[in-house]
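J.: One structure, pasted below without further comment.
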Amino acid sequence: MKHINTFLYSVALQWKLDIRSKALLVTCYAVPLLFFLLMGGIFTSVMPEMKETLIPSMTVMGVSMGAFIGLPPSLIETYGSEIKKSYKANGVPLSLGLAAMFLSAFIHLIIMCCIILFLAPLLFHAALPSDFPSFFLSLAVYTASSLSIGSVLGLFVKNQAKMTMISQLVFLPSIMLSGIMFPLTLLPKALSLTGKIFPAFWGYLLMQDGGLQFANLIYLLLLFFAALLLCGIKTHTMKYF
């Protein structure tokens with residue numbers, strides 16, 4: 001019970017810190033929502049058929065930005081500085097900080113996606129998901145999978161400058177090769193196959209109507225558990241000082 005209370009307190013504290021964070025405001029809210037407002041009208045005007053997939057495509061973009069660009073720097077700031085000494089002083093395992101930041105980022109990204117879900121039909125006459133439970137389950141799986149990759153980046157890359165470059169190398173192909181910007185049939189076969197490496201491709205398929213299928217789900221689950229294992233090993237072997 002003590003560990004549960006400690007964890008819940010850590011999540012609540014991290015939530016308050018994230019709310020005050022300008023970096024999180026930019027990567028989890030401002031930029032994804034601004035992109036949605038600007039590009040939503042362009043996409044649906046140029047390609048009216050995109051009204052059917054506007055919500056999945058914009059949520060994929062927003063989650064990818066928050067997970068690959070927003071979360072890793074926060075982890076570097078915590079685990080690459082003196083902050084982690086406070087965990088030792090309070091007898092708290094290092095993995096607890098990661099779990100708190102992961103859950104806080106998860107909640108923020110889900111809130112951002114709900115805003116898109118609410119505004120898209122009003123502003124752009126976008127089609128709502130035909131099955132809301134399936135959509136939110138797919139969204140949760142994709143968000144958790146993406147955040148797990150972001151967690152690996154944040155724990156294993158210790159330099160902020162390198163982190164910026166690596167995050168962009170993961171984020172940009174995720175968006176460009178996932179099919180949310182334009183049909184993959186327009187890409188060379190090699191690039192369309194490369195896109196399947198990134199979770200955005202599978203998340204986009206998963207969140208479309210009828211997309212919650214084992215074939216679209218298995219890769220994201222494998223990524224999540226593989227990343228979870230790596231993060232567990234890293235936090236277990238990490239030194240406090």
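J.: Among the trypsin sites (Lys or Arg not before Pro) in the stretch 138-220, which ones are in a DSSP loop with at most 13 other Cβ atoms within 10 Å of the Cβ? Mind listing them?
T.: Details: sites: 158, 162, 189, 196; in loops: 158.
For trypsin sites (Lys or Arg not before Pro) across the stretch 138-220 that sit outside H, G, I, E and B with at most 13 neighbouring Cβ atoms in 10 Å, the list reads 158.
J.: What nm distance separates the two modelled labels at residue 215 and residue 38, each placed 7 Å from Cα along Cα→Cβ?
T.: Roughly 3.6 nm, to one decimal.
J.: Gain in length, residue 166 to residue 49, computed as 0.36 nm per residue apart minus the alpha-carbon separation, to one decimal in nm?
T.: Details: separation 117, 0.36 × 117 = 42.12 nm, distance 3.37 nm.
Between residue 166 and residue 49, full extension yields an extra 38.8 nm.
J.: Quick check for me: using +1 on Lys/Arg Cβ and -1 on Asp/Glu Cβ, what's the dipole size of the stretch 2-237 about its Cα centre, in debye to the nearest 20? Walk me through the numbers on the way to the answer.
T.: On the way: 13 positive and 7 negative charges, 174 e Å.
For the stretch 2-237, the charge dipole is close to 840 debye.
J.: While we're here: Work out the FRET efficiency for residue 185 and residue 23 from their Cβ-Cβ distance, taking R0 = 30 Å, and round it to the nearest 0.05. Write down the numbers at each step before the final one.
T.: On the way: r = 37 Å, r/R0 = 1.23.
Taking R0 as 30 Å, the efficiency between residue 185 and residue 23 is 0.25.
J.: Taking every alpha carbon pair in the stretch 2-237, what does the distance histogram look like in 10 angstrom bins from 0, in percent?
T.: Once binned at 10 Å, the Cα pair distances of the stretch 2-237 give 8, 32, 36, 18, 6, 1.
J.: Relative contact order of the stretch 2-237: what whole-number percent is it, with Cα pairs under 8 angstrom and at least 6 residues apart? The partial results should precede the final answer.
T.: Working: 276 pairs, mean separation 61.4, N = 236.
The value is 26 percent.
J.: Then there's this: Peptides 120-129, 61-70, 136-145, 94-103: what's the order by average Cβ count within 10 Å, highest mean first?
T.: Numbers: 120-129: 16.0, 61-70: 26.7, 136-145: 22.0, 94-103: 20.1.
Ranked from most to least packed, the peptides come out as 61-70, 136-145, 94-103, 120-129.
J.: What nm distance separates the two modelled labels at residue 158 and residue 77, each placed 7 Å from Cα along Cα→Cβ?
T.: 2.0
A short reminder: the numbers here are calculations on the coordinates, not readings from a lab. Only a predicted model underlies this, so the values are computations on that prediction, with no experimental measurement involved. We place every Cβ from the backbone using ideal geometry, glycine too, and count neighbours over all the protein chains shown.
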